[in-house]
Structure formats: C-alpha cells, structure tokens
1. Would you kindly identify the strands (runs of 3 or more DSSP E) lying entirely within segment 322-408 that contain at least 1 residues that are under 22 Å from the mean Cα position of the chain (by Cα)?
2. Determine whether Asp149 is within 16 Å of the ligand (Cβ to nearest atom), outside any helix (DSSP H, G or I) and within 18 Å of the chain's Cα centre (by Cα).
3. Looking at (1) over 26 Å from Lys252 (Cα atoms); (2) assigned to a helix (DSSP H, G or I), which is the only condition Asp87 fails?
4. Take the residues in segment 359-374 that are in contact (Cβ under 8 Å) with a residue 24 or more places away in the chain and touching a strand residue (DSSP E or B) at 6+ places or on another chain (Cβ under 8 Å), then tell me which one is nearest to Pro253 (Cα to Cα).
5. Would you mention how many residues in segment 1-49 are assigned to a loop (DSSP other than H, G, I, E, B), modelled with pLDDT of 80 or more and surrounded by 14 or more Cβ atoms within 10 Å (Cβ to Cβ)?
6. So in segment 165-208, with the set limited to residues that are part of a loop (DSSP other than H, G, I, E, B) and polar (S, T, N, Q), which one is nearest to the chain's Cα centre (by Cα)?
7. Look through segment 190-241, keep the residues that are crowded, with 22+ Cβ neighbours inside 10 Å and of a type in the set (Ser, Thr, Tyr), and return whichever of them is nearest to the ligand (Cβ to nearest atom).
8. Restricting the search to segment 232-243, which residues are in a loop (DSSP other than H, G, I, E, B) and in contact with a strand residue (DSSP E or B) (Cβ under 6 Å, 6 or more places away or on another chain)?
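The values are calculated or read from the model by the stated rules, or taken from the named source; none is laboratory data. As the structure is a computational prediction, the values presented were derived from the model and not from experiment. Virtual Cβ from ideal backbone geometry, glycine too; neighbours counted across all protein chains shown.
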Amino acid sequence: MNGKTVIGPSFLKVTPPAVTRQMAGALDRLKQRGKQVNHLGAGYPSPRVASDYLEGQNHFLRYLKHVADTHKVPVEQIMRSMRGYADTTGITIKGRPIPRENFAKVYGGDFDTGIDTAHVIPTTGSTGAIDLLCTVFASPGEKIAYLSDNPTYAGFITRAQRDNNATIYSVPMDAEGPIAEDIRSQIRAARADGHHVAFYYTMADGHNPGGIAITQSRREEIYKVAQEEDIIIVEDGPYPYISFEDASSRPKPFFAQDPDKRVIHLFTASKIWEPGKRVAYMIVPTTLKAPDGREMGINELVTTTIASTNLMPDHESLLQFDAFLHTETGNGFALRSLWEEAEFRAGIYQQNRDVLLAGLDHYLGEYPEIFKWTKPGSGFFSVLTLLGGHHRTDGQFVSGLIEADEVTTIPMFGFYTGIETMPLRLRDTGHLLGYNELRLAFSYTEEDDDEGRLSAMQTATEKLGRAMRRLHGLPMK
Ligand SMILES: Cc1ncc(COP(=O)(O)O)c(C=O)c1O
C-alpha cells in the first residue's frame with residue numbers, strides 16, 4: 001500500500017537521469033530477459049584492468065603497518081580512525097593529511113607541475129566534485145551561467161540543470177576541440193543576459209562524448225580566452241592517463257599549464273584504479289573575490305559544503321588508494337608514478353580502440369559520404385556520424401539496434417544542451433544536434449581475458465557495421 005500523499009512545493013520536478021545512467025539500468029533488464037548484449041554503449045572500465053581483490057587488500061594491510069611504523073603509532077589506532085569521524089578533507093596521521101600529501105606528490109610529479117596539498121579536496125567521484133561546484137556557485141540564488149562544450153558530459157548537464165537559477169551556454173566543437181572564439185562570445189552573451197559566469201566546464205583528454213583530445217594549440221587559445229575574460233576553467237579529468245599518444249607529443253592537461261591558477265581540476269581514481277570506491281580529488285587553487293572586496297578560496301567554500309552534505313570522505317577508501325600509490329621495495333614502501341599503471345591500462349584500451357576503428361573501416365570505410373567517426377587519441381569513446389540524413393538516432397533507433405542486432409550504443413542527443421543559449425548562428429539547426437550521431441564506447445566487454453575481450457569487441461563492431469549497412473540499404477559484407 002502506498003503511503004500518504006502530501007501537498008508538495010510548486011517547483012516539484014524530477015530531473016531525468018543522464019542517458020548513460022538510463023543505459024546502465026537498461027543493461028540489467030536486457031540480461032534479465034536473457035538477451036545477448038554486445039557492448040559499445042557502456043563507458044565502464046574493462047574488467048581486464050580490475051586488480052586482484054585479495055592481493056590489493058594484503059598490500060593495503062602491509063602498507064598500513066608501514067605507515068604505523070613510520071609515524072610511530074599503533075596500527076590498530078589507524079585502523080580505528082579510518083572507520084571513525086575525522087576531518088572533512090580526510091584522515092590525518094599525527095596531524096598530517098598523508099593521503100592528500102601523497103596524491104599531490106604523485107599527480108603533480110606525473111604531470112610535471114606543483115600541487116599544493118591545501119588545494120586538494122577529496123570528493124565522492126568526480127560526479128561528487130561536479131555536484132559540489134554547482135552547489136557552491138548556484139545556491140546563493142544569483143543568476144548563474146556555466147559554459148560547456150556542445151556536446152558535453154551528460155552527468156554535468158543533469159546536475160547543472162537541477163538549479164533553476166543556472167543556465168548552460170554551449171560552445172560548439174570542431175575536430176580540434178571547443179572553438180575558443182565561441183567561448184568568448186558565449187561568456188559575453190551570458191553576461192549581457194545578466195548572469196554571473198561561474199566557470200567553463202570541459203574535458204581536455206578523452207572528451208566524453210566528443211571522442212577527441214583537445215589539441216595543444218586549441219588548449220592555448222582556450223586558456224588565453226579564459227585569461228582575457230577572467231573566468232575559471234573546470235577541467236574534468238577521468239582520462240589524462242588513458243592516452244594513446246606518444247608521451248613526447250601528448251599535450252598536458254589544462255591544470256598543468258596554468259600559470260594563473262585559474263583551473264580547477266577534477267581527478268578521479270575511477271579509470272586508473274577502480275570506480276566502486278568513489279575515490280577522487282578536486283584540485284582547487286583559485287580564489288573568488290566578492291564585489292565588496294572579500295576574498296575566499298574555492299577550496300574553503302567546497303570544504304564547508306562537504307561539511308554540511310557528506311560530512312567527510314570514506315577514510316578507508318582514501319587510504320586504500322594511498323596504498324595503490326605505493327610500491328613495495330626491498331625494505332618498505334615508496335611512492336610510485338602512475339604512468340606504468342597507465343601504460344598497462346591505456347594499452348588494453350588502445351587494442352580495443354584499434355579493433356573498433358579497423359571494424360568501422362572494414363564495414364563503413366567505403367562510404368565516406370555516409371559515415372564518419374572520430375579517431376580518439378585518449379579516453380573510451382568515438383562518435384559515429386551518419387551523414388546520409390536517412391535516420392534519426394533517437395531512443396527508438398538505439399533500442400532497435402539492441403533488439404535486432406544485439407549491440408548497445410548511446411544516442412548522442414542527450415549530450416547536447418538547449419537551443420536558446422547556443423551561439424546565434426547554430427540556433428536554426430540546433431534541434432538536430434546529436435540526432436545523426438551515436439557514441440561508441442570501446443572500453444568495456446564482459447570478457448576479462450585478452451582473447452575473449454578482443455573477440456567480443458570484434459563481434460560488437462561487426463554487429464554494428466552490418467546493422468549500419470542494412471539500415472542504409474548497402475550490400476551485406
Ligand atoms: C567526463 C566524465 N566525468 C565524470 C565521470 C564520472 O566519474 P566518477 O566515477 O569519478 O564519478 C565520468 C565517467 O565516465 C566521465 O566520463
């Protein structure tokens with residue numbers, strides 16, 4: 001029996017979950033029906049890169065003993081405190097924020113930049129970081145504008161749209177990345193509309209769902225606009241380590257080429273370690289100045305928000321990730337670079353990507369006037385565009401691919417934002433954006449061994465390639 005129905009407030013609304021979340025639910029329902037699922041939809045990490053649970057736990061326990069010996073505290077005391085209340089920014093040992101300090105050293109070292117531990121705040125995944133930033137900026141009630149690429153991460157759209165006083169102004173992209181001059185004109189349009197521009201949200205590496213890495217020259221142009229218009233860049237960074245580019249030519253993330261300290265970087269352990277523990281760190285060096293001259297570090301604003309929402313992070317998970325940042329040496333533990341780990345992981349994803357790209361080429365390459373796709377230098381995604389104008393890649397289209405061809409993809413329309421705040425020149429055709437595109441993820445197969453994984457990726461690509469040929473009336477291959 002349902003409970004009592006009580007009169008609600010007039011704003012009552014449910015923000016629908018992002019398309020990618022809807023997909024996660026649909027996958028379980030398909031499996032329940034005993035359907036064979038070939039994955040090009042789920043942007044999950046490959047099970048091939050999952051670490052051995054028991055080995056990880058044993059390493060963690062040995063690490064805790066090492067920390068206890070180093071800091072001369074009983075190991076039981078650390079174990080107790082990691083299950084107890086502690087500081088909003090995470091556990092300390094003898095007053096030192098050991099996990100944050102170590103993360104700052106490793107991540108700063110890996111990207112060749114200094115990170116101040118005071119600017120490092122643990123968050124519940126980068127999803128939690130996005131939520132915190134929106135809470136900090138949108139809650140006071142001033143009209144707020146976010147700038148974001150079009151397309152952009154659906155999780156950001158969903159969160160940003162929850163606040164009635166916040167509007168997303170979108171920035172179109174080309175093959176090199178978001179168009180810098182559009183960032184400028186959109187900042188000015190938002191300001192002319194009476195909004196305070198909170199920040200520009202982007203992903204420099206492994207753009208989700210754009211399926212590209214922003215080129216170095218475009219990063220420089222974007223940063224220059226940010227300087228000239230004096231705005232914050234929020235760089236969501238699940239994929240800087242998942243790069244297929246040669247180390248010598250790989251562009252640095254925004255936060256590592258940020259002389260002004262205007263970049264807020266969202267690191268997550270979800271792709272370089274595991275997503276289930278929800279370990280992530282926000283690097284927040286920037287200060288805000290109110291019109292009356294008061295200054296406040298965004299790190300403080302974020303920390304006080306955490307104190308009233310989550311209260312504190314999961315200290316045990318932070319210490320487990322801290323253990324992951326260490327390697328065992330003959331006589332103890334030492335911090336390690338994550339590039340070796342990254343190479344292993346990126347190697348797996350690069351193989352998957354190569355299978356997908358070769359398959360697309362094989363099945364669709366003869367028809368460049370009908371099909372094109374991005375060739376990502378990092379991340380988990382490629383975007384397939386249907387240029388023929390015969391099909392609308394809506395929910396029904398994607399469900400049809402699942403039913404008839406047993407292959408999952410994600411429709412792109414859910415990654416685009418509203419027409420009203422697009423640059424003027426795009427508004428006539430804005431309603432079409434995404435309706436001729438599919439996001440293809442090459443990260444995930446259910447198989448965790450190399451042979452099974454590559455063969456599953458091949459089968460999924462084959463299913464998609466054949467479906468596209470059939471739907472376009474092309475001879476079967
Ligand atoms: C761009 C982007 N941001 C955020 C997330 C969510 O990451 P987390 O697991 O840290 O919440 C993802 C996950 O795929 C992502 O691609």
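1. Working: elements: 326-329, 332-335, 371-373, 381-386.
In segment 322-408, 371-373, 381-386 are the strands (runs of 3 or more DSSP E) which contain 1 or more residues that are under 22 Å from the mean Cα position of the chain (by Cα).
2. Numbers: within 16 Å of the ligand (Cβ to nearest atom): yes; outside any helix (DSSP H, G or I): yes; within 18 Å of the chain's Cα centre (by Cα): yes.
Judged against the criteria, Asp149 is a match.
3. All conditions pass for Asp87, except number (2).
4. Our first condition is that a residue be in contact (Cβ under 8 Å) with a residue 24 or more places away in the chain; within segment 359-374, this holds for 359-360, 362-364, 367, 370-371, 373-374.
Those left that are additionally touching a strand residue (DSSP E or B) at 6+ places or on another chain (Cβ under 8 Å): 360, 364, 370-371, 373-374.
Working: Leu360: 29, Leu364: 33, Ile370: 34, Phe371: 31, Trp373: 24, Thr374: 20 Å.
Restricting to residues being in contact (Cβ under 8 Å) with a residue 24 or more places away in the chain and touching a strand residue (DSSP E or B) at 6+ places or on another chain (Cβ under 8 Å), the top hit is Thr374.
5. Residues flagged as assigned to a loop (DSSP other than H, G, I, E, B), modelled with pLDDT of 80 or more and surrounded by 14 or more Cβ atoms within 10 Å (Cβ to Cβ) within segment 1-49 amount to 8.
6. Residues of segment 165-208 part of a loop (DSSP other than H, G, I, E, B): 165, 175-176, 179, 193-195, 203-208.
Subsequent filtering for residues that are polar (S, T, N, Q) retains 165, 208.
Details: Asn165: 24, Asn208: 7 Å.
Looking at residues that are part of a loop (DSSP other than H, G, I, E, B) and polar (S, T, N, Q), I get Asn208.
7. Top of the filtered list is Tyr239.
8. Start the filter on segment 232-243 by keeping residues that are in a loop (DSSP other than H, G, I, E, B), which leaves 232, 238-242.
The answer is Ile232, Pro238, Tyr239, Ile242.
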